[in-house]
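Asker: Before we start, here is the structure in question, set down as structure tokens.
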Amino acid sequence: MSATVHVLGRISADRSQLPRGPRTAPSPPTAPEQAWLVDVGALARCRALFAGHEAALHVPARLGQQALLEVPPAYAQFCRTHFGSVKRLHPELCWEDACAAYAVALAAHAALCDEIDPERERQLADNWNLIRGNSELDWSQARGLVADGCSALARLDPLAMRR
């Protein structure tokens with residue numbers, strides 16, 4: 001299972017300069033085929049982390065580079081359904097924040113496989129601020145979304161783990 005990225009433009013890398021409005025109303029997109037707005041610099045750092053290029057995490061990246069990530073329809077459907085369940089328990093959670101965690105799972109699923117082992121969880125926790133993009137979730141909030149996303153990807157496309 002793979003995703004395609006379409007670059008749209010660049011916004012400020014300073015998180016305090018990012019536009020922030022009320023973040024309680026947004027809900028997940030409902031189209032069957034998704035295109036999620038993600039920070040491609042953050043996802044590149046995520047892939048570098050699991051490719052064994054941890055030094056790349058400390059090189060200034062073009063954070064704030066926003067792009068549309070075309071998400072495989074089955075994974076997009078899982079994320080919409082999963083987010084709906086999570087939102088019922090945590091109404092303060094917004095799609096824009098959760099989307100980054102689901103995108104991290106998609107970007108790193110070949111390395112994470114169907115679950116996050118303790119070593120990879122430590123890597124994600126230690127580097128979450130560098131790979132979360134515009135999400136305001138801390139790792140303790142995002143961990144379950146990433147883990148459930150990885151588990152779903154393993155069920156949806158088990159051969160992707162061998163590519």
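Asker: Obtain the nm distance between the two label points defined at residue 126 and residue 51 by a simple spin-label model: each point lies 7 Å from its Cα along the Cα-to-C-beta direction.
Answerer: Placing both labels 7 Å beyond Cα along the Cβ direction yields 2.0 nm.
Asker: What GluC sites (Glu not before Pro) does region 78-158 have in DSSP loop regions with at most 16 other beta carbons within 10 Å?
Answerer: The qualifying sites are 92, 115, 136.
Read the figures in this text as sums done on the coordinates, not as results from a lab. All figures in this text were calculated on a predicted structure; none of them were measured in a lab. Heads up, the Cβs are rebuilt from the backbone with ideal geometry, glycines too, and the neighbour counts pull from every protein chain shown.
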